[in-house]
1. Among 165, 104, 19, which one moves the most in a GNM of the chain with springs linking Cα atoms closer than 10 Å?
2. How much length is gained if the chain between residue 144 and residue 205 is pulled fully straight, taking 0.36 nm per residue apart and subtracting their Cα-Cα distance, in nm to one decimal?
3. Which value in nm describes the separation of the simple spin-label points at residue 262 and residue 286, placed 7 Å from the Cα toward the beta carbon?
4. Measure out, as a whole number of angstrom, how far apart the alpha-carbon centroids of region 61-77 and region 250-319 sit.
5. Give the whole-number value, in cubic angstrom per residue, of the convex hull volume spanned by the C-alpha atoms of region 151-265.
6. Can you give me the C-alpha center-to-center distance between region 8-44 and region 143-192, rounded to a whole angstrom?
7. Arrange 121, 45 by Cβ neighbour counts within 10 Å, fewest through most, would you?
8. By count of other Cβ within 10 Å, fewest leading, how are 201, 54 ordered?
């Protein structure tokens, strides 16, 4: 708060006599010292015009000129709410023994002084906020511990109502900024599950299969669990394929085997024969064609026997 006391001295005009009059006034301002000084001086000037006592010079009969109506206005000072303060002095409010122009000029000066004084008394300051701070952090499981603090500096927001109202606007802005940053940075993080891929050679090439397994959390993403798993599996696949070594080999031709109950279990066993066919290219050998065919025939044989359904046909039981 700024405070000022100012004085203004007024003297009687030509043709009148009386002591000079000095008026003093005190004013305050929430804006600046200059603003307080201007207010106090305007109030002192108004008091001087109202309280000075002048009389005509004895023995002189002057011509008296009365002022016409005078209107003046004053706009708000910087730092105050927009407003205009007007004062109208009716005709005859002041007089002069000099001229009509002097009477009118004096009335205009008086009207302006009263308008300035009215402004100084009635204008309402623009209120500004105090500094406001707000803090926020990510809820559990999101944002990897991200937190943020926003401070809106003093005098950023204004209000025609009160300082509290301006500060509330500043606090609301700080909260909005924090909320926006939380929304941007506090997304859920998804961790990939275990993902495994085995790379194998494609005939006629042969080689040792290679398996690559990525552990839990090998990939993280804010997109989705499916996206994390898919990326981890893609990486495992690429790694396994890169490590796989394949060379030339032999693939089997078609092999078949028919299992017969009497052959497998004995002459007194009965049941339908069972035939299994292994298509060409199912088995690969790096040694020879015979080895690939032998592996395919062995598979056909074991599968055919396993698929037999035989019953005892009578006679001495000899399992």
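1. Of the options given, 19 has the highest mean-square fluctuation.
2. Difference between extended and current length: 17.2 nm.
3. In this crude spin-label approximation the distance works out to 4.6 nm.
4. With region 61-77 and region 250-319 each reduced to a Cα centre, they are spaced 130 Å.
5. Dividing the Cα hull volume of region 151-265 by its residues yields 233 Å³.
6. Centre-to-centre distance over Cα atoms comes out at 49 Å.
7. In order of increasing Cβ crowding within 10 Å: 121, 45.
8. 54, 201
Here, each number is a calculation from the coordinates, and none is a lab measurement. A quick note: this is a predicted structure, and the numbers were derived from the prediction, not measured. Cβ sites come from the backbone with ideal geometry, for glycine too, and all protein chains shown count toward neighbours.
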